[in-house]
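Trainee: Sharing a structure with you now.
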Amino acid sequence: MSEQGKTHFGYQEVDVDDKAGLVAGVFHSVASRYDLMNDLMSGGIHRLWKRFTIELSGVRKGHSVLDIAGGTGDLAGKFADIVGPEGCVVLADINESMLSVGRDKLLDQGKVEPLSYAQADAQFLPFADNSFDCITIAFGLRNVTDKNLALRSMLRVLKPGGRLLVLEFSKPTNDMLSKAYDAYSFNVLPKLGQLIAGDSDSYQYLAESIRMHPDQETLKEMMLDAGFEQCEFFNMTGGIVALHRGLKPW
Amino acid sequence: MVDRPKVDPTLHVALLGAAEEAINRALPYAPQTQAALAKLEGQSVQIFVTEPQFSVTIVLGGILQLRSVYEDKVGASIEGTLREYLTAAAADDPAIALINGNLRIRGDSRLMQKLQSLLSELDIDWEAPIAAVVGDVAGHQIGKTLRSLFNWGKQSRSSLERQLSEFILEEARFSPSKLELEDFYRDIRKLQQSIDRTEAKLKRLARQRAG
């Protein structure tokens with residue numbers, strides 16, 4: 001946040017109270033084509049990033065998992081298979097359109113039992129303290145208005161020893177890659193957005209919001225400040241994406 | 001143990017994902033193998049390549065999982081450089097590699113052998129899914145290596161016995177070889193004959209003296 005009462009919406013500076021509504025607008029607009037766009041934009045690699053997230057989650061049979069900003073349910077569906085009927089997976093998203101697309105998709109896959117759904121704001125999670133063994137937030141944290149508040153809220157609802165995994169776009173570690181990635185994000189991405197989802201502005205926002213998101217070290221510091229311990233990050237695809245992991249102290 | 005992958009996790013996960021798909025696609029065509037693997041549900045085996053650093057943990061069950069990161073205790077692990085794996089895979093007789101101890105096995109080695117023998121019974125099409133990730137040329141090479149590695153069980157079962165006997169005889173010299181024994185017995189027979197002849201001579205001399 002640059003000054004009191006102001007925050008970023010991509011490269012624009014907007015009132016804190018307005019950001020959630022603006023972000024909601026973006027996701028209402030892209031929800032129906034979100035999966036297709038993710039595949040096209042990342043060349044399918046987002047599936048690999050999510051697979052690695054699941055490996056590092058350490059989630060097992062019987063665990064309770066909260067997938068925040070779980071949108072189209074990729075992670076929640078996989079977690080449901082792992083935890084089994086004796087576990088519990090909550091798919092949460094602040095955006096109604098994304099949540100219903102995700103719920104429909106999982107229902108279509110025949111996944112019912114350990115799954116439940118909650119329209120929830122990551123900053124004010126509506127769950128009891130110490131509820132979850134693992135919380136994931138994939139490509140969601142950068143859209144949250146107050147990231148520190150959200151991290152503290154996640155810490156509260158995690159069980160002691162529980163893990164938070166933040167999968168998010170980050171800063172490429174190589175200059176050449178960084179330039180190519182910039183060119184792609186600002187030239188190709190909005191055009192793809194226009195072509196597939198009929199909305200170039202939303203994808204322009206996505207590209208901008210990625211650049212405004214804290215880099216690897218900054219996010220790690222934020223997690224430590226929020227009270228997580230053993231925080232670490234794993235760069236993927238040359239740092240285009242990073243997976244941060246932190247544990248709630250016992 | 002926390003395994004820190006040196007390769008980019010994206011590539012690591014892509015390769016393992018492709019291999020996992022290839023194995024799990026082959027499993028239903030070998031129902032006995034699948035049933036035997038299902039009995040080992042939850043056990044895990046780690047394959048460690050030290051140079052270049054690469055690892056995979058195979059979580060056993062009716063459906064196999066290949067994990068780039070596995071933080072629980074594994075049942076067994078095998079470790080060696082890529083060269084050692086490739087040498088073993090390419091060897092006419094891979095059992096030599098095992099006997100010489102280039103690849104180090106820790107933990108429950110029976111679990112490792114069991115997995116190897118079960119996987120060797122599968123006819124896995126490695127090339128197609130791996131080529132989809134890394135291209136045809138690399139896919140063919142990696143596929144060829146994997147095929148050799150996973151056929152170890154078959155090759156080694158037939159030759160292990162012979163190799164083991166060679167090792168005991170030639171390398172460790174715990175026991176004389178068949179040829180050496182035959183030489184030894186021939187020497188004994190010669191000695192026996194010499195003794196017999198000497199004895200006969202002595203008797204003859206004794207008779208002459210008495211006569």
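The values are calculated or read from the model by the stated rules, or taken from the named source; none is laboratory data. This one's a predicted model, so the numbers in the text were calculated from it and none came from an experiment. Reconstructed Cβ throughout: ideal geometry from the backbone, glycine too, with neighbour counts over all protein chains shown. The area values use the complete protein model at the heavy-atom level, side chains included, leaving out ligands, DNA and RNA. Shrake-Rupley method; radii C 1.70, N 1.55, O 1.52, S 1.80 Å.
Trainee: Taking a 23 Å limit on the Cα-Cα distance, which of the listed pairs A:K61/A:K248; B:K73/B:K114; A:K111/A:K159 fall beyond it?
Mentor: On the way: A:K61/A:K248 20 Å; B:K73/B:K114 18 Å; A:K111/A:K159 25 Å.
In this structure, A:K111/A:K159 exceed 23 Å between Cα atoms.
Trainee: Further question: Of A:M98, A:M223, A:M176, which is the most mobile in a GNM of chain A whose springs link Cα atoms less than 10 angstrom apart?
Mentor: A:M176
Trainee: Further question on the same structure: Measuring from the lowest to the highest alpha carbon on each principal axis, how far does the stretch A:1-127 reach, largest first, in angstroms?
Mentor: Principal axes ranked by extent give 45, 35, 26 Å for the Cα atoms.
Trainee: How large is the accessible surface per residue of chain A, computed with a 1.4 Å probe and reported in Å² as a whole number? Spell out each step's value before the answer.
Mentor: Numbers: 10680 Å² over 250 residues.
Accessible area per residue: 43 Å².
Trainee: Please report, ordered by residue number, every helix of chain A (full DSSP H runs) that is 20 Å or longer along its axis going by C-alpha atoms and whose mean Kyte-Doolittle hydropathy reaches -1.0. Numbers along the way, then the final one.
Mentor: Details: long enough: A:16-30 (22 Å, 0.75).
For chain A, where a helix must reach 20 Å along its axis and average at least -1.0, the hits are A:16-30.
Trainee: What's the longest bit of chain A with no exposed GluC sites (Glu not before Pro), using DSSP loop states and at most 15 other Cβ atoms within 10 Å as the test?
Mentor: A:87-250
Trainee: For A:L99, what accessible area in Å² do you get when you roll a 1.4 Å probe over the heavy atoms of the protein chains, rounding to the nearest 10?
Mentor: Spelled out: A:L99, probe radius 1.4 Å, area about 20 Å².
Trainee: Grab the Cα-Cα distance for B:E180 and B:D196, subtract it from 0.36 nm times how many residues apart they are, and report the gain in nm with one decimal. Spell out each step's value before the answer.
Mentor: Values: separation 16, 0.36 × 16 = 5.76 nm, distance 2.38 nm.
In short, 3.4 nm is gained.
Trainee: Taking accessible area as the heavy-atom solvent-accessible surface of the protein chains with a 1.4 Å probe, which residues of the stretch A:41-58 lose no less than 10 Å² upon going from the isolated chain to the full protein assembly?
Mentor: Buried by 10 Å² or more upon assembly, which counts only protein chains, are A:L48, A:R51, A:F52, A:E55, A:L56.
Trainee: Are there residues in the stretch B:6-48 whose accessible area shrinks by at least 30 Å² when all protein chains are included rather than the chain by itself, and which are they (probe 1.4 Å, ligands and nucleic acids not counted)?
Mentor: B:D8, B:P9, B:T10, B:V13
Trainee: Right, next: So with the 1.4 Å probe, I'd like the accessible area per residue for the stretch B:1-64, rounded to whole Å². Write down the numbers at each step before the final one.
Mentor: Details: 2940 Å² over 64 residues.
Averaged over the residues of the stretch B:1-64, the accessible area is 46 Å².
Trainee: Then there's this: What figure, in Å² to the nearest 10, do you get for the accessible area of A:D121 with a 1.4 Å probe and non-protein molecules left out?
Mentor: That residue has around 40 Å² of solvent-accessible surface.
Trainee: Oh, and also: Compute log10 of I(q)/I(0) for the stretch A:169-250 with the Debye formula, placing one identical point scatterer on every Cα and leaving out solvent, at q = 0.17 Å⁻¹, to two decimals.
Mentor: Rounded to two decimals, the profile gives -0.74.
Trainee: Could you work out the equivalent-ellipsoid semi-axes for the stretch A:96-250, taking the square root of 5 times each eigenvalue of the Cα gyration tensor, largest first, in whole Å? Provide the component values of the computation, followed by the final result.
Mentor: Working: eigenvalues 154, 103, 34 Å².
Output for the stretch A:96-250: semi-axes of 28, 23, 13 Å.
Trainee: Summarise the accessible area of the stretch A:116-192 (1.4 Å probe, protein heavy atoms) by the percent that is carbon and sulfur. Write down the numbers at each step before the final one.
Mentor: Numbers: 1770 of 3200 Å².
After summing per-atom areas, the C and S share lands at 55 percent.
Trainee: Can you give me the distance in nm between label points at A:A183 and A:D146, each placed 7 Å from the Cα along the Cα-to-Cβ direction?
Mentor: Placing both labels 7 Å along Cα→Cβ, they lie 4.2 nm apart.
Trainee: Here is a follow-up. Given a 1.4 Å probe and no ligands, DNA or RNA in the count, how much accessible surface is buried by B and A, both sides, to the nearest 100 Å²?
Mentor: Values: alone 13410 and 11290 Å², together 23430 Å².
Answer for the B-A pair: about 1300 Å² buried.
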